[in-house]
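A.B. asks: Before I ask anything, let me first share the structure, which is written out below as structure tokens.
The values are calculated or read from the model by the stated rules, or taken from the named source; none is laboratory data. Worth saying up front: this structure is predicted, and the values here are computed from it rather than measured. FYI the Cβ positions are ideal-geometry reconstructions off the backbone, even for glycines, and counts take in every protein chain you see.
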Amino acid sequence: MNKRQRGRKMKRYALIGLATLGGGAVLGLTGGLAAPLIGAGMSTIVGGATAAAAAAALGSTAGIAIIGSLFGVAGAGLTGEAVSAPPTHSTMRH
């Protein structure tokens, strides 16, 4: 492998890493903002005292951090996979 090919490969890996971090950050922030709504929706659908306690836990600071982290990890994985996969079709007109 010559120097030019190695440079292209390193640049591609760097861009995949940046896209992965960006996607994880965006989805993690979105998940953190949506955490109280997720808890409220869960208590509405399930109902009862147990669901109310779970909704309160999800709406707490720790719950928001956990949900934000889960969304961030999932978003980073999905973004990294999507960016690293080769395109399946061309959108250019011939």
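A.B. asks: Mind telling me which of the residues Gly31, Gly24 ends up being surrounded by 15 or more Cβ atoms within 10 Å (Cβ to Cβ), modelled with pLDDT of 80 or more, under 30 Å from Val83 (Cβ atoms) and out of contact with any Leu (no Cβ under 7 Å at 6 or more places or on another chain)?
C.D. replies: Gly24
A.B. asks: Condition test on Leu58, is it of a type outside the set (Ser, Thr, Tyr), modelled with pLDDT of 75 or more and touching a helix residue (DSSP H, G or I) at 6+ places or on another chain (Cβ under 9 Å)?
C.D. replies: no
Every residue, every condition in (1) in contact with a Gly (Cβ under 6 Å, 6 or more places away or on another chain); (2) hydrophobic (A, V, I, L, M, F, W, C), yes or no:
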residue: Met10; (1), (2): no, yes
residue: Thr20; (1), (2): yes, no
residue: Leu27; (1), (2): yes, yes
residue: Ala40; (1), (2): no, yes
residue: Ala62; (1), (2): no, yes
residue: Thr79; (1), (2): yes, no
residue: Thr88; (1), (2): no, no
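A.B. asks: Return yes or no: is Gly80 touching a Leu at 6+ places or on another chain (Cβ under 7 Å) and assigned to a helix (DSSP H, G or I)?
C.D. replies: no
A.B. asks: Just a yes or no: is a residue in region 48-65 surrounded by 10 or more Cβ atoms within 10 Å (Cβ to Cβ) and under 30 Å from Pro86 (Cβ atoms)?
C.D. replies: no
A.B. asks: Which of the residues spanning region 66-82 are more than 28 Å from Arg12 (Cβ to Cβ) and buried (at least 19 other Cβ atoms within 10 Å of the Cβ)?
C.D. replies: Ile67, Gly68 - these are the residues of region 66-82 that are more than 28 Å from Arg12 (Cβ to Cβ) and buried (at least 19 other Cβ atoms within 10 Å of the Cβ).
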